[in-house]
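Down below is the structure, laid out as structure tokens.
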Amino acid sequence: MPPELKRWPERRVPVAGVDLLVRDLPGAAPELPPALFVHGLGGSSLNWTALGLMLNDTIRGIAPDLPGFGRTPLSGAAGISEQAAVLVELLEREYDQPVHVFGNSMGGASSVALAALRPDLVASLTLVSPALPHPRVSASALWFTALATPRLGPAVLERSARLPFERRFQASLAMVFGDPRSLAPEVRAAYEAELHRRDTDPWGRQATLDGARSILRSSLARPRRSLWADAAKVECPVLLIYGGRDRLVDARIRTKAQRTFPNARLLYLPQSGHVAQMEHPAEVARAFRQLIESNPTSD
């Protein structure tokens, strides 16, 4: 494992009937404003290490492995609303003031639900390719539909698991990153190590199926109960980040997103994929600093 990942201290926090693995951002002064980093479907707290270390002069923060992902066992369902409830309990245990919330993909959707449910807990939202409902049918939408189908979903995951690791690794790189060839060696090595570790998780497949079903349900929700309705309620400053090479979230939705959140600004990265915080962390860090500098009351 690259040395920069080892510097994140780990601990266990009892939340919602499970001991969450939580990583603490190292080197941050205790007087800095607090932050929370929320990974996406199939991800873990390690998805935020590069960005977090760039921001440890600006915020102090924690990055949990949500139930069913990383090194936290599955406890109940692993859907968007369940994740939001876990995040509420975690924030109430950890902090006595609003926090800057970072969310990627499904973690972005859960962060939106969190901010709509408990605005008192959130100082700002930074959303990297959030999994908000999209009107256009895409390859990723069809993939989520397949996973969400009761019999087809487990079969798809079983068939994928039988493929040689190197083939799955290359396919995952191509799906997640805009240009895998441009990745720093330590990022690539960390991602490969994480994929290896996922193969040993007994809860990983069920959590993936639960997450896919939750994302599909959110796309079918009635307008007044949708994540877009939640987005319209979020009054804190919002930074929206989309990648032009994202194969999972169509970046064309960025216009609707910026229009829906009452107080939003947009960072569009044409060369980035689905995890801009890993692929272009310097650009994301700079945009976040600009967000809070222009909204000083959100600290």
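The figures follow:
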| read-out | value |
| --- | --- |
| Binned Cα-Cα distances of region 183-232, short to long, each 5 Å bin given as a whole percent | 4, 18, 13, 13, 13, 12, 14, 11, 2, 0 |
| Additional length obtainable on full extension of the chain from Phe165 to Arg197, 0.36 nm per residue less Cα span | 10.4 nm |
| Dipole-positive endmost among Ala285, Val234, Pro223 within region 222-297 (Cβ charges, Cα centre) | Pro223 |
| Share of carbon and sulfur in the accessible heavy-atom surface of region 3-294 [1.4 Å probe, %] | 53 percent |
| Semi-axis lengths (Å, descending) of the ellipsoid that matches the C-alpha gyration tensor of region 178-299 | 27, 23, 14 |
| The chain: relative contact order in percent, alpha carbon pairs under 8 Å with at least 6 residues between | 20 percent |
| Cα centroid separation - region 1-79 against region 88-129, whole Å | 13 Å |
| Rg in Å to one decimal, and Dmax rounded to a whole Å, for region 1-123 via C-alpha atoms | 13.2, 38 |
| Per residue value of the accessible surface for the chain (all protein chains in place, 1.4 Å probe), Å² | 44 Å² |
| Span-like helix ranges in the chain, DSSP H, alpha carbon extent 15 angstrom or more, Kyte mean at least -0.5 | 80-94, 106-117, 165-176, 204-220, 281-294 |
| Computed magnitude of the charge dipole of the chain (debye, nearest 20; Cβ of K, R +1, Cβ of D, E -1) | 1180 debye |
| Counting all C-alpha pairs of the chain, share separated by more than 37 Å (%) | 6 percent |
| Net charge dipole size for region 1-82 [Lys, Arg +1 and Asp, Glu -1 on Cβ; Debye, nearest 20] | 160 debye |
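The values are calculated or read from the model by the stated rules, or taken from the named source; none is laboratory data. For clarity, every value in this text was computed on a predicted model and none was experimentally measured. Virtual Cβ from ideal backbone geometry, glycine too; neighbours counted across all protein chains shown. Heavy atoms of the whole protein, side chains included, go into the accessibility calculation; ligands, DNA and RNA do not. Shrake-Rupley method; radii C 1.70, N 1.55, O 1.52, S 1.80 Å.
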